[in-house]
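Enquirer: Here it is, the structure, as structure tokens.
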Amino acid sequence: MNRLATTSWHRRQLAPGVLLVVLAVGCTPPGKPDPANRPIMPDQILDFDRLFAANCAGCHGENGELGPAPPLNDPLFAAIVPDAELERVIRDGRAGTPMPPFASEMGGSLTDAQVKVLAEGIKSHWKTEERPAESPPAYELSKSEGVQASPGSRERGGEVFARACAGCHGPNGVGIVHEGVVASAINVPAFLALISDQAIRRIIITGRPDLGMPNFAEHDGRPEDFQPLTSAEIDDLVALIADWRATGNSIVQTGQ
């Protein structure tokens with residue numbers, strides 16, 4: 001046997017052994033997918049950040065703030081919203097508002113486990129152990145015969161609004177005119193049609209810290225003798241704003 005033939009014979013003998021060594025160290029044979037690289041199906045994602053970015057950030061902001069919807073990264077909100085209510089709203093949505101149901105059985109795309117991850121994540125990411133300077137009023141609207149509705153008075157609400165809200169939102173909520181442009185108007189049909197009474201109560205309590213709106217107890221833009229709003233006064237404000245929606249009493253100022 002010549003030298004070339006001997007070398008070829010040795011190579012053929014070594015090839016099976018080399019293959020066994022390669023397989024033994026964990027390499028995947030050519031053409032066979034690695035299970036570790038298998039993509040995760042959408043209904044199997046249980047990471048809060050990924051779920052929030054895909055389902056919540058579009059309305060509530062990338063970091064839970066500065067979106068068209070109320071912020072979620074507010075420690076006061078995280079402290080007062082009941083766990084069951086937060087999970088229910090994510091699951092069922094809010095009828096009559098842009099907040100859709102996310103549960104699959106309600107036509108959404110999330111499993112019960114994913115809804116729970118979002119609800120628990122909002123609490124754990126943004127809730128703090130610091131207690132508010134003032135004890136906040138109850139988060140939820142009062143219920144009458146199982147239906148949520150504000151028991152407040154529109155007339156008293158007008159008085160409370162003048163004291164606590166008109167400094168920024170203008171008389172009767174029609175906004176403040178600055179250089180011919182109306183700002184901070186809330187007595188606007190489009191806005192009122194898209195917000196629920198419960199969301200109004202929540203914003204009155206928590207404010208919108210991402211937009212500089214004070215909460216129920218802060219003094220910014222309010223009289224020096226301002227006192228924190230009580231639960232009954234917030235009921236009255238909700239009743240007033242709900243009446244604006246129902247009656248169409250929404251006249252926005254102009255610069256003319």
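Enquirer: Only residues that are among the aliphatic types (A, V, I, L, M) and over 18 Å from Glu218 (Cα atoms): list them for the range 149-182, please.
Expert: Ala149, Val174, Ile176, Val177, Val181, Val182
Enquirer: Please work out which residue is surrounded by the fewest Cβ atoms within 10 Å (Cβ to Cβ), limiting yourself to the range 160-175 and to residues that are over 28 Å from the mean Cα position of the chain (by Cα) and free of Cβ contacts under 8 Å to residues at least 12 places away in the same chain.
Expert: The qualifying residue surrounded by the fewest Cβ atoms within 10 Å (Cβ to Cβ) is Ala162.
Enquirer: Now a separate question. Scan the range 42-87 for residues that are more than 12 Å from the chain's Cα centre (by Cα), open to solvent by less than 30 Å² (accessible area, probe 1.4 Å) and charged (D, E, K, R) and report the count.
Expert: Of the residues in that region, 1 qualify.
Enquirer: Select from the range 183-215 the residues that are among the hydroxyl-bearing types (Ser, Thr, Tyr), under 19 Å from the mean Cα position of the chain (by Cα) and open to solvent by 10 Å² or more (accessible area, probe 1.4 Å) and list them in ascending order.
Expert: Correct list: Ser196 only.
Enquirer: Please state which of the following conditions Ser142 fails to meet, knowing it meets all the rest: (1) open to solvent by 20 Å² or more (accessible area, probe 1.4 Å); (2) among the small types (Gly, Ala, Ser); (3) in contact with a His (Cβ under 8 Å, 6 or more places away or on another chain).
Expert: (3)
Enquirer: Show me the helices (runs of 4 or more DSSP H) entirely contained within the range 53-144 in which 2 or more residues are touching a residue at least 40 places away in the same chain (Cβ under 8 Å).
Expert: Per the criteria, 75-80, 83-92, 112-126.
The values are calculated or read from the model by the stated rules, or taken from the named source; none is laboratory data. Because the structure is predicted, anything quoted here is derived from the model rather than measured. For neighbour counting, all protein chains shown are included, and Cβ atoms are generated from backbone atoms with ideal geometry for every residue, glycine included. Note: areas computed on protein heavy atoms with side chains; ligands, DNA, RNA excluded. Shrake-Rupley method; radii C 1.70, N 1.55, O 1.52, S 1.80 Å.
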